[in-house]
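Structure first, then comments.
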Amino acid sequence: MRPTLESPRTSVVVDPLQAQAQEAMRKALSNLAHLQEARGSWSGDYGGPMFLLPMYLALAELSGRRPPPAQAARMRTYFLNVQRADGGIGLHAESSEGSMFTSALSYVALRILGMGPDEAPVVRLREWMAARGGALGSASWGKFTLCLLGLYEWEGIHPVAPELWLLPKGAPLHPGNLWCHCRQVYLPMAWLYGMRATGPTTPLTRALREELYPQGYARIDWKAQRDTVAREDDYRPQTLALKAVNLALARAEDLPFKPLRQKALDECLKHIAYEDRVTNDIDIGPVNAVLNTVVHHFRGKDGAEDFERGFEALQVYLWDGHDGLKMQGYNNSELWDTAFAVQAILSAPEALQAPHGAMLEKAHTFLRDNQILEDVPEPEAHYRHRSKGGWPFSNRAHGWPITDCSSEGLKCALALEGRFTPGIPLELLRDGVQLILSWQNDDGGWATYEKKRGSGWLEQLNPSQVFGDIMVDYSYVECTSACLQALVAAKKRFKGEFDEVIDAAVKKGVAFLRAQQRPDGSFEGSWAVCFTYGTWFGVTGLLAAGVPGNDGAVRRACDFLVSKQKADGGWGEAGDSCRERRYLQAKTGQVAQTSWALLTLVRAGDVRAAVQRRAVDFLARRQESDGSWAREALVGVFNRTCLINYDNYRHYFPLWAMGEWAAAATR
Ligand code: LAN
């Protein structure tokens, strides 16, 4: 800088952007403190998928538990808010087109919720469906749900054979080899299919049969409809392999005598009861939570108590949000949110953190009290991995630990160790490390809940039509990165104790990550949108593992991100990137994605300071006066096609990114 007489050398040159960032962080911290729950966590709307609430309402209708009027009104509001201008309803709340699966189920839901067939939104929805052949084109899970209600005939779907559960464990088609979410959905489906469980005909179902099918219900040749699917629902068209399996299952189903059926149904029921028991009836996810409860309903007197507990547990999945009352994609996302919030808080300058000791202490309590303390009973007999020492996505009651949730939990536990009492016993931290190590796949990566079991070709048999990659728990960039980061932190903490095993695991993990990088330098994410999220994890995983910032892979990833920055200084990647598997720009920058990009560039020590400054400026400008950030487009995703709302991402990621930027800029 040019020395002048007016600026004596002792004066501190204050960068106005630093000052702006400090002020933004101060406000973001008090907003986080304000949003924190008494139990120490952050909770938020986890809606998005549009098939969940209708499935819940199908159960409510079957079991005579229609929601009370005020709740029903909020649910109607939700559907009407999400309904698209063309009349259809998409797979998720912000889909760029309607889906027959969710339109047909939402139609039924609206009628269960008391809307008449002549009310305008219902008419528009029906017309949208009719123009596309009606509910016959619904994806398979929609047809299945309609069967339960007596609104589709069981002969019109491919068999879901309960006997698969009796196959020898090593058989490739054994459900134990499937991704746990897929396995747990097809488990109650197998029982319900085996029983051809169907609710009674009522005036409503009689009317719906005519409204859903312009061709006339009585005239439909059901057996010929097994493969009928609307263009909108056919993301994963039937493969030859699936066709062959379906044919074989159909032959078996047509046999007059099925000697193993009863035994298979009992086996399914045993696993359903087990899943209910080890999750406190929450179940691993929203779909099996509904379907297991449907099973108990159809068990009649035998299932009455289980039904009550299941139905009660389902209430935690409901969330009354800004756009109405919906069913969420999980019981909640509290552990995940809390772990990220803690890391964001810890990134802020110490002077700003100082007033928030109580917030961190409460968060620590939540993390401590939600670590999983026990393995599930007889894990092998129920196709379960170990659990002890891990962390779930939501809370301990849910009970299924996840690789990356455990890693984010462990990272926080280590970062906060010694600060609050009682702390987490050292033995439990060790268990966490061992668990993460035990989850590593042979390919060097980490999957979500379990080690990869089935081989990739199983995906050829994906019967869902609307989802991609549901059959196998593959290694993912995000999970691998999180596990590497946690292991490296653990190596430091347990000086010497785990050095060799962790070094070996990290070496393989790095090789996996490198192999995932795409020619354009990006990494594809699977659990949020999309290349921005994946690249953040890819790069931070490599860096944590000791790969230097000037490594070619890191440089290429940074170049990729820099090339995508928008004129407003932010990053905005459209949700359809996940579906189409290529980077699609959104109209404007988004704060969560901008934060991921900024975190990546800062950590990598990227020297293009102006790029980062524009991002910081974008984040600060977007902040509201109360320290929050406004809601933006959905940014979470699963199975390539379905977006989901991580409502707290906008509250802590900008803080985290500005915190790391500010620290690096003053270094
Ligand atoms: C989730 C939620 C958490 C999420 C993260 C931990 C964030 C991720 O890093 C790994 C994958 C995981 C565990 C995940 C997988 C898919 C889930 C379970 C969901 C997105 C929540 C809902 C979704 C589930 C599959 C929805 C039901 C639909 C099916 C196709 C079964």
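The values are calculated or read from the model by the stated rules, or taken from the named source; none is laboratory data. The structure displayed is predicted, hence computed values, not measured ones. Positions of Cβ are generated from backbone atoms using ideal geometry, with glycine treated the same way; all protein chains shown enter the neighbour counts. Just so you know, the surface numbers come from the protein's heavy atoms only, side chains and all, with ligands and any DNA or RNA stripped out. Shrake-Rupley method; radii C 1.70, N 1.55, O 1.52, S 1.80 Å.
What the table below lists for this structure:
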item	result
Residue within region 412-421 that is in contact with a His (Cβ under 6 Å, 6 or more places away or on another chain), closer than 18 Å to K492 by Cα and not in a loop (DSSP other than H, G, I, E, B) present	yes
Candidates A515, A557 - the one that is of a type outside the set (F, W, Y), away from the ligand (no atom under 16 Å from the Cβ) and either open to solvent by 20 Å² or more (accessible area, probe 1.4 Å) or touching a Leu at 6+ places or on another chain (Cβ under 7 Å) (or both)	A515
Region 484-500: number of residues that are within 10 Å of V433 (Cβ to Cβ) and of a type in the set (D, E, K, R)	3
Residue in region 360-367 that is more than 17 Å from A339 (Cα to Cα) and open to solvent by 20 Å² or more (accessible area, probe 1.4 Å) present	no
Test: G423 is over 30 Å from G170 (Cα atoms) and more than 16 Å from the ligand (Cβ to nearest atom)	yes
Check on P401, without any contact (Cβ under 8 Å) to a residue 60 or more places away in the chain, more than 30 Å from A313 (Cα to Cα) and not charged (D, E, K, R)	no
Single condition A344 does not satisfy, out of (1) surrounded by 15 or more Cβ atoms within 10 Å (Cβ to Cβ); (2) assigned to a loop (DSSP other than H, G, I, E, B)	(2)
Out of W536, W457, W527, sole residue that is more than 16 Å from the ligand (Cβ to nearest atom) and closer than 30 Å to Y235 by Cβ	W457
Selected residue (criterion: surrounded by the fewest Cβ atoms within 10 Å (Cβ to Cβ)) from residues of region 42-65 that are of a type outside the set (G, A, S), within 15 Å of the ligand (Cβ to nearest atom) and assigned to a loop (DSSP other than H, G, I, E, B)	D45
Subset of region 525-546 (residues that are surrounded by fewer than 24 Cβ atoms within 10 Å (Cβ to Cβ) and more than 18 Å from G575 (Cβ to Cβ))	T540, L543, A544, A545, G546
Within region 148-181, tally of residues that are touching a His at 6+ places or on another chain (Cβ under 9 Å) and assigned to a loop (DSSP other than H, G, I, E, B)	2
Residues satisfying the stated conditions in region 186-215, i.e. within 15 Å of the ligand (Cβ to nearest atom) and either open to solvent by 10 Å² or more (accessible area, probe 1.4 Å) or of a type in the set (S, T, N, Q) (or both)	Y186
Any pair with Cβ under 8 angstrom, 6 or more apart, that starts in region 225-248 at a residue that is farther than 26 Å from M129 by Cα and in contact (Cβ under 8 Å) with a residue 24 or more places away in the chain and ends at one that is open to solvent by 40 Å² or more (accessible area, probe 1.4 Å) and aliphatic (A, V, I, L, M)	V245/L173
Residues that are under 28 Å from W400 (Cβ atoms), in a strand (DSSP E or B) and not aromatic (F, W, Y), drawn from region 316-341	L318, D320, G321, L325, K326, M327
Condition broken by I282, with the remaining ones in (1) among the hydrophobic types (A, V, I, L, M, F, W, C); (2) more than 16 Å from the ligand (Cβ to nearest atom); (3) modelled with pLDDT of 95 or more; (4) not in a helix (DSSP H, G or I) satisfied	(2)
Condition met for L212 (within 32 Å of the chain's Cα centre (by Cα) and over 21 Å from E163 (Cα atoms))	yes
Single residue of R430, R396 found to be within 16 Å of the ligand (Cβ to nearest atom), more than 25 Å from W596 (Cα to Cα) and either assigned to a helix (DSSP H, G or I) or free of Cβ contacts under 8 Å to residues at least 40 places away in the same chain (or both)	R396
Condition met for V607 (at pLDDT 95 or above and open to solvent by 50 Å² or more (accessible area, probe 1.4 Å))	yes
Qualifying residue in region 90-97 (condition: away from the ligand (no atom under 16 Å from the Cβ) and either open to solvent by less than 50 Å² (accessible area, probe 1.4 Å) or among the acidic types (D, E) (or both))	yes
Selection within region 216-257 - more than 36 Å from the chain's Cα centre (by Cα) and surrounded by 15 or more Cβ atoms within 10 Å (Cβ to Cβ)	Y217, I220
Considering residues of region 476-511 that are crowded, with 17+ Cβ neighbours inside 10 Å and among the small types (G, A, S) only, the residue nearest to the ligand (Cβ to nearest atom)	A482
Top-ranked residue in region 285-306 [being assigned to a helix (DSSP H, G or I) and small (G, A, S); ranked as nearest to L62 (Cα to Cα)]	G300
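To keep it simple, each residue is scored yes or no on (1) at pLDDT 95 or above; (2) within 16 Å of the ligand (Cβ to nearest atom).
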| position | (1), (2) |
| --- | --- |
| A597 | yes, no |
| N645 | yes, yes |
| H651 | yes, no |
| A657 | yes, no |
| A665 | no, no |
